[in-house]
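The values are calculated or read from the model by the stated rules, or taken from the named source; none is laboratory data. This structure is a prediction, so every number in the text was calculated from the model and none was measured. Methodologically, a virtual Cβ is constructed for each residue, glycine included, from the backbone with ideal geometry; neighbour enumeration extends over all protein chains shown. For the accessible areas, the whole protein counts, side chains as well, though only heavy atoms, and no ligand, DNA or RNA atoms are used. Shrake-Rupley method; radii C 1.70, N 1.55, O 1.52, S 1.80 Å.
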Amino acid sequence: MITPTTRRAPRQEQDPHRLRDLHARLDSGMVIPAHPLALTAQGTLDERAQAALTRYQLEAGVHGLAVGVHSTQFELHDDPGLLRTVWQQAAELTAAHSSSLPESPLLIAGLVGDTAQAVREAETARELGYHAALMSPWGMSERSPQTLFERARTVGEILPTIGFYLQDSVGGTALPRSFWRRLFDLESVVAVKTAPFDRYRTGDVMQELLVHDRWDQVAVLTGNDDAIVHDLITPYRAKVGGRVREVRARGGLLGQWAVGTRAAVELVAAVEAAVAADAVSQDLLSLASDMVEVNAAVFDTLHDFAGCVPGVNEVLRQQGLVSTARCLGPDVLSPGQAELIQGVRRRFPALLDEEFVAAGRDRWLA
């Protein structure tokens, strides 16, 4: 038997009812794509294409949008005015799309930098109506567990937060189990995104959550683009205080879902139905391997993810939603990556929304 932790969470300024409601939504099987950034050939914001991308994701039936995250290009945060413009456009289009819906999709703001920068960005995001902040370690001068914890605690006084285990190759760092234990103490933490692309590190997060007092107050979102289906169907269990607890990723916040977004919505619905029926089919597991094949091309695993952000944009460029795969930073497509993307588009058209995008593209760009 495992003894639950006894440390109590420090007092936060967030409304506890709001935190509970937000956790419940995040734990309900959510599809939250990471929003891409559309640029012109000159490297400036293409507002028309940026709006089309938001419309595409909203019409695909997403439950939330994550803006200012890795796929939106971390370099966006170097220009606070541009960051605000991108955040505001997404918020306004979401509000317009949701005017007749019972519930608006959640807006997640990706934050970066040291505590002072993250606080400024959190205040801007709150002003624009964002519901929660995803705490990326990118751009921090120091990434010790203590520094990361203090930043999350401070930002949590402004917005509810989502912890983030980011893979090393795109700016993450290894974190001990003790970090996650302390992070879960914070009442402002409503979810955690596991994206280390590492089963051991993912297990560290899940095992610590299982035995924590707040185990049923922190939703799990997969960010492991190489194991999406496996994360969604896999339960983690432990007996604590004589009772069996179970946690599972009930949705995802993923760069892979920036493309094939409608297919992602259908996938999560299929997984939820399979788990509820305790009947995970071979077809679903086969789909998992197909998704890995698609992700390998889009995220450029041949070159250690060097082309993952331009890879997302290249899919959208080939589909006619954006004019270029150009990025704000130095990232470019790797040799042969465009051809690999063409190949998976031919082999797995349903997983990349080929028909859905072709039917809606001109309307979204209008």
Quick one: would you say A350 is open to solvent by 30 Å² or more (accessible area, probe 1.4 Å), more than 22 Å from G171 (Cα to Cα) and among the aliphatic types (A, V, I, L, M)?
yes
Output the qualifying pairs, or none if there are none: Cβ atoms under 9 angstrom, residues six or more apart or on different chains, first residue in the stretch 71-84 and under 11 Å from V112 (Cβ atoms), second residue aromatic (F, W, Y).
F74/W138; H77/W138
Hits in the stretch 132-162 (condition: modelled with pLDDT of 95 or more, open to solvent by 10 Å² or more (accessible area, probe 1.4 Å) and touching a Pro at 6+ places or on another chain (Cβ under 7 Å)):
P145, L148
Note on the stretch 314-330: residues part of a loop (DSSP other than H, G, I, E, B) and either under 10 Å from A38 (Cα atoms) or at pLDDT 95 or above (or both) are Q319, G320, L321, V322, S323, T324, A325, R326, C327, L328
Can you name the residue in the stretch 228-244 that is of a type in the set (A, V, I, L, M, F, W, C) and more than 30 Å from A296 (Cβ to Cβ) and is also surrounded by the fewest Cβ atoms within 10 Å (Cβ to Cβ) among such residues?
V244
Only one residue in D283, D225, D290, D278 is open to solvent by 30 Å² or more (accessible area, probe 1.4 Å), outside any helix (DSSP H, G or I) and charged (D, E, K, R). Which one?
D278
Inspect all residues belonging to the stretch 297-312 and state whether any of them is assigned to a loop (DSSP other than H, G, I, E, B) and either in contact with a His (Cβ under 7 Å, 6 or more places away or on another chain) or open to solvent by 40 Å² or more (accessible area, probe 1.4 Å) (or both).
yes
Out of (1) surrounded by fewer than 16 Cβ atoms within 10 Å (Cβ to Cβ); (2) at pLDDT 95 or above; (3) farther than 25 Å from L166 by Cβ, what's the single condition that is false for S98?
(2)
Evaluate the stretch 53-62: report whether one residue or more is over 22 Å from A95 (Cβ atoms), buried (at least 20 other Cβ atoms within 10 Å of the Cβ), at pLDDT 95 or above and not acidic (D, E).
no
